[in-house]
Amino acid sequence: MKETITIMKVSKSFGKKMVLDEIDLTIKEGHIYGFIGPSGAGKTTLVKMMVGMDKPDSGTIYVLNEKVPNLKLLQEIGYMAQSDALYTELTGKENLTFFASLYKLSKTEIKERIAYAANIVNLTEDLSKKVAAYSGGMKRRLSLAIALIQNPKILILDEPTVGIDPELRFSIWNELYRLKQEEGKTIIVTTHVMDEAERCDYIAMVRDGSIIARGTPQELKNIYHASNFDEVFLNAGRERS
Ligand SMILES: Nc1ncnc2c1ncn2[C@@H]1O[C@H](COP(=O)(O)OP(=O)(O)OP(=O)(O)O)[C@@H](O)[C@H]1O
């Protein structure tokens, strides 16, 4: 299996605070890779660097064999940030059309992709409403639809299901599996939700800017003598303190 993302000795500080400390990591094509860890551990900073939105102080990141940042990669990465970056005075459909127009898509493809993405996040009926009238969960769903819009090879989703009800969360995860299995997409998620961590193929546990453990969910359960992921998380925390 090919490597989609390679991170080599990446460090980052904000002021005197070291937020990432010599991170080394490879993410394989067609995997769902999860980053879990407490608030402030450095997960968002790390995924932003993969997207090219933040720059390491030292170290290198390659995505699809291109050194980041690289404009060519924008077409290939769908990014859902933790805070929604939406045009609230526009409708959901206008937002999707705007973001779709940034990519190399024909008019027909734009139409098809908007219908597909809206359906996945269950927003089809609400597309003509202004985003200002959306609930928090609807805004998250629209942000996820935007991340899917250009049919990217890589999805980088920063806490994608926060504020989304369990039923829709379940169907979104089913779609992530389908995208992985049928379309070979590489999917990176950060999460605080432990049952989501268990759904990933591979997990990195981030704490204080370092990856303290990595492996399949089962491997991590073995390492931390845990029967579920809440225990993995708690036991990993105890070992560090
Ligand atoms: N632009 C910035 N300027 C200064 N400090 C920052 C900046 N961005 C992040 N930080 C700090 O870096 C640390 C890591 O933040 P980051 O958002 O990467 O954590 P996280 O693991 O994603 O947390 P959460 O789960 O709460 O989103 C935090 O201490 C945060 O305050």
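The values are calculated or read from the model by the stated rules, or taken from the named source; none is laboratory data. Just so it is clear, the model here is predicted, and its values are computed rather than measured. Virtual Cβ from ideal backbone geometry, glycine too; neighbours counted across all protein chains shown.
In region 1-17, the qualifying residues are those that are modelled with pLDDT under 95 and within 18 Å of the chain's Cα centre (by Cα), and the one that is farthest from the ligand (Cβ to nearest atom) is Glu3. The residues of region 25-62 that are away from the ligand (no atom under 12 Å from the Cβ) and free of Cβ contacts under 8 Å to residues at least 40 places away in the same chain, listed by number, are Thr26, Gly52.
Candidates Leu20, Leu90, Leu71: the one that is within 16 Å of the ligand (Cβ to nearest atom) and out of contact with any His (no Cβ under 8 Å at 6 or more places or on another chain) is Leu20. Scanning region 110-136 for residues that are of a type outside the set (Phe, Trp, Tyr), within 27 Å of Tyr177 (Cβ to Cβ), in a helix (DSSP H, G or I) and touching a helix residue (DSSP H, G or I) at 6+ places or on another chain (Cβ under 8 Å) yields Ile110, Arg113, Ile114, Ala115, Ala117, Ala118, Ile120, Thr124, Asp126. Remark: pairs (first residue in region 200-228, hydroxyl-bearing (Ser, Thr, Tyr) and at pLDDT 90 or above; second residue in a strand (DSSP E or B) and within 14 Å of the ligand (Cβ to nearest atom); Cβ separation under 7 Å; 6+ apart in sequence or on different chains) = Ser210/Asp21. Screening region 1-103 for strands (runs of 3 or more DSSP E) wholly inside it with 3 or more residues that are β-branched (Val, Ile, Thr) and within 19 Å of Met205 (Cα to Cα) returns the ranges 3-14, 17-28. Filtered by the rule that a residue be in contact with a strand residue (DSSP E or B) (Cβ under 6 Å, 6 or more places away or on another chain) and away from the ligand (no atom under 11 Å from the Cβ), region 77-87 gives Ile77, Gly78, Tyr79, Met80. If you take the residues in region 174-190 that are in contact with a strand residue (DSSP E or B) (Cβ under 9 Å, 6 or more places away or on another chain) and part of a helix (DSSP H, G or I), which one is surrounded by the most Cβ atoms within 10 Å (Cβ to Cβ)? The selected residue is Leu176. What about Gly209, is it more than 16 Å from the ligand (Cβ to nearest atom) and small (Gly, Ala, Ser)? So Gly209 does not fit the description; no.
Taken over region 191-212, the criterion of being in a strand (DSSP E or B) and within 19 Å of the chain's Cα centre (by Cα) is satisfied by Thr191, Tyr202, Ile203, Ala204, Met205, Val206, Arg207, Ser210, Ile211.
With respect to the conditions (1) over 18 Å from the mean Cα position of the chain (by Cα); (2) within 30 Å of Glu66 (Cα to Cα); (3) part of a helix (DSSP H, G or I), Ala145 lacks only one, and its number is (1). For region 1-29, a residue qualifies if it is within 18 Å of Asn65 (Cβ to Cβ) and touching a helix residue (DSSP H, G or I) at 6+ places or on another chain (Cβ under 9 Å), and the qualifying residues are Ile5, Ile7, Val10, Leu25, Ile27. Among the residues of region 107-122, the ones that are surrounded by 15 or more Cβ atoms within 10 Å (Cβ to Cβ) and basic (Lys, Arg) come to 1 in all.
Under the condition of being surrounded by 16 or more Cβ atoms within 10 Å (Cβ to Cβ), at pLDDT 90 or above, charged (D, E, K, R) and more than 23 Å from Thr6 (Cβ to Cβ), the residues counted in region 66-106 number 1.
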